[in-house]
1. Check THR93, THR162 and return the single one that is more than 17 Å from LEU42 (Cα to Cα), among the polar types (S, T, N, Q) and touching a Phe, Trp or Tyr at 6+ places or on another chain (Cβ under 6 Å).
2. Could you run through region 30-51 and say how many residues are assigned to a helix (DSSP H, G or I) and surrounded by fewer than 12 Cβ atoms within 10 Å (Cβ to Cβ)?
3. Looking at region 6-29, which of its residues are of a type in the set (Ser, Thr, Tyr), modelled with pLDDT of 90 or more and either more than 30 Å from ILE71 (Cβ to Cβ) or part of a strand (DSSP E or B) (or both)?
4. So THR80 clears everything in (1) among the β-branched types (Val, Ile, Thr); (2) at pLDDT below 90; (3) surrounded by fewer than 15 Cβ atoms within 10 Å (Cβ to Cβ) except one condition, right? Which one?
5. Of all residues in region 119-142, which are assigned to a helix (DSSP H, G or I) and in contact with a helix residue (DSSP H, G or I) (Cβ under 7 Å, 6 or more places away or on another chain)?
6. Just to verify a result, which residue in region 139-177, among those that are among the charged types (D, E, K, R) and over 17 Å from the mean Cα position of the chain (by Cα), is nearest to ARG12 (Cα to Cα)?
7. Return a yes/no flag: does region 132-144 have any residue that is in contact with a Ser or Thr (Cβ under 6 Å, 6 or more places away or on another chain) and either farther than 30 Å from GLN81 by Cβ or among the aliphatic types (A, V, I, L, M) (or both).
8. Go through region 1-20 and report how many residues are under 20 Å from GLY130 (Cα atoms) and surrounded by 15 or more Cβ atoms within 10 Å (Cβ to Cβ).
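The values are calculated or read from the model by the stated rules, or taken from the named source; none is laboratory data. Note that the structure is a prediction, hence the values are computed from the model and not measured. All Cβ positions, even for glycine, are placed from backbone atoms using ideal geometry, and neighbour counts span all protein chains on display.
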Amino acid sequence: MTLLQKFRNLHRKFASVLFVFFSIVAITASLLAFKSSFSTTLFENKKANTEARYDQFLGLDTLESLATAQINKFAKTKFTQSERADVKLAKGTVVFYYKDALSIQVDPTNGAAILVEKKYGGIIQDIHDGAILDSLIKNKSSYFKKGYTLIMGFSLLLLTITGTYLWYKPRLIKKNR
């Protein structure tokens, strides 16, 4: 069996096994281009002033308790605390993230809600990079995401190398005749 035949068999086997995964990655990558379109606004304060200086910010614990009370009101939930917070100094806002893809952006000087959203783009991102498996089994070390990314990366590299060889070798043979 020649090297060309070995590469053709290897390429065919890998491509047929990974077809579904590459399709999922391609579809979710296309959807991620429109990630901001996959959110529902529950409340928006268009009159909010977000030009606060850092020295005017309330403490994060105070902001979180105000944000939690407001998100419970707007989204009809019963959260006791957020999962994470992003302080955006340049924008003069603080965003708190909760379970079920909910987030609230608050004015850091008084804790008033600026924007309350339910964002579905994170779910698409988790499917795209394999983190959905880690979240389903509540694995915080993200072994599935890392393994999935490693397998998909090396598979794509292997298919690129074998595909290039399968494309180039017949042209080289034809040229040498």
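1. On the way: THR93 fails: touching a Phe, Trp or Tyr at 6+ places or on another chain (Cβ under 6 Å).
Answer to the check: THR162.
2. Qualifying residue count, region 30-51: 3.
3. Passing the criteria: only SER23.
4. (2)
5. GLY121, ILE124, GLN125, ASP126, ILE127, HIS128, ASP129, ALA131, ILE132, LEU133, ASP134, SER135
6. LYS169
7. Taking every residue of region 132-144 in turn, none turns out to be in contact with a Ser or Thr (Cβ under 6 Å, 6 or more places away or on another chain) and either farther than 30 Å from GLN81 by Cβ or among the aliphatic types (A, V, I, L, M) (or both).
8. Initially, region 1-20 is screened for residues under 20 Å from GLY130 (Cα atoms), giving 14-20.
Adding the requirement that they be surrounded by 15 or more Cβ atoms within 10 Å (Cβ to Cβ) leaves 14-15, 18.
Total meeting the criteria: 3.
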